[in-house]
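Below you'll find the structure, written out as structure tokens, and then a few comments.
What follows is calculated from the coordinates using simple rules that are stated; it is not laboratory data. Just so it is clear, the structure is predicted and the values come from calculations on it, not from any experiment. Using ideal geometry, Cβ is built from the backbone for each residue, glycine included, and neighbour counts are taken over all protein chains shown.
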Amino acid sequence: MTTTSAFRIPVANLLRRPGASRAIQAEGVLADVRGPGAEVTADRPIAVDLTLERVSEGMVVRGTITAPWDAACSRCLAPVGGELAVQVGELYERQPLEGETYLLSEDDVVDLEPLIRDALLLELPAVPLCRPECRGLCATCGVDHNLTSCECDTAIPDPRWAALRALDL
Ligand SMILES: [Zn+2]
Ligand SMILES: [Zn+2]
């Protein structure tokens, strides 16, 4: 897995000074940050504005991650987009707990990529809509009900089926 170097923060100096902290502002691009309904825009930077603080267990990373996202409206497929701003507060330690804390590597690097991925994936909209009242596409003929109506809703049956039904009677 490749990692944008902007998100790999060397912290050897901080680790030597208990209680010390350092502000980090960085921008970088991460590939394939994609949820079921939307994805982080591939070619625009993710920005982090964080504070790293030396604590007895390791390093606490706190602050904000911002990223633009793209999607297709879940109802009409029109392009939709927005920007996420996610607050994080996570612990990096030498022996991380699966799913709870992050790895502070032996070479004293805080790799922000897994934290950024996790935080953004949680916040990406699962069912994005171009607008709350979007009327979507007709499931039968595919017309955009935001633009026009169709006859499908009234369900005119195929005349051959109508003939069979008549026989049943
Ligand atoms: Zn829509
Ligand atoms: Zn229709």
Quote to one decimal, in nm, the extra length available between Q95 and R44 on full extension: 0.36 nm per residue of separation minus the C-alpha distance between them. 15.0 nm
Provide the FRET efficiency to the nearest 0.05 for the A85-T140 pair, computing r from the beta carbons and using R0 = 41 Å. 0.55
Distance between the C-alpha centers of the stretch 1-60 and the stretch 73-152? Whole Å please. 19 Å
If you line up the long axis of helix 113-123 against the longest principal axis of the chain, both from Cα atoms, how many degrees apart are they, to the nearest 10? 40 degrees
In deg cm²/dmol, rounded to the nearest 500, the helical mean residue ellipticity at 222 nm of the chain, built from -39500 (n - 2.57) for every DSSP H run of length 4 or more, is -4000 deg cm²/dmol
Taking K and R as +1 and D and E as -1, what net charge do the other residues with C-beta under 13 Å from the C-beta of A126 add up to? -1
Nothing charged except the Cβ atoms of Lys and Arg (+1) and of Asp and Glu (-1): what's the magnitude of the dipole of the chain about its Cα centre? Round to the nearest 20 debye. 220 debye
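In the chain, which longest range has no trypsin sites (Lys or Arg not before Pro) that are both DSSP loop (not H, G, I, E or B) and surrounded by at most 15 other Cβ atoms within 10 Å?
My reading of the result: 17-93 is the longest stretch.
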On Cα atoms only, tilt of 159-168 relative to the major axis of the chain in degrees: 70 degrees
State whether the chain is rounded, prolate or oblate according to the following rule on the C-alpha gyration tensor (a ≥ b ≥ c being the square roots of its eigenvalues): a/c under 1.5 gives rounded; otherwise a/b larger than b/c gives prolate, and the remaining case gives oblate. prolate
Residues T148 and L121, FRET efficiency given R0 of 30 Å [Cβ-Cβ distance, rounded to 0.05]: 0.25
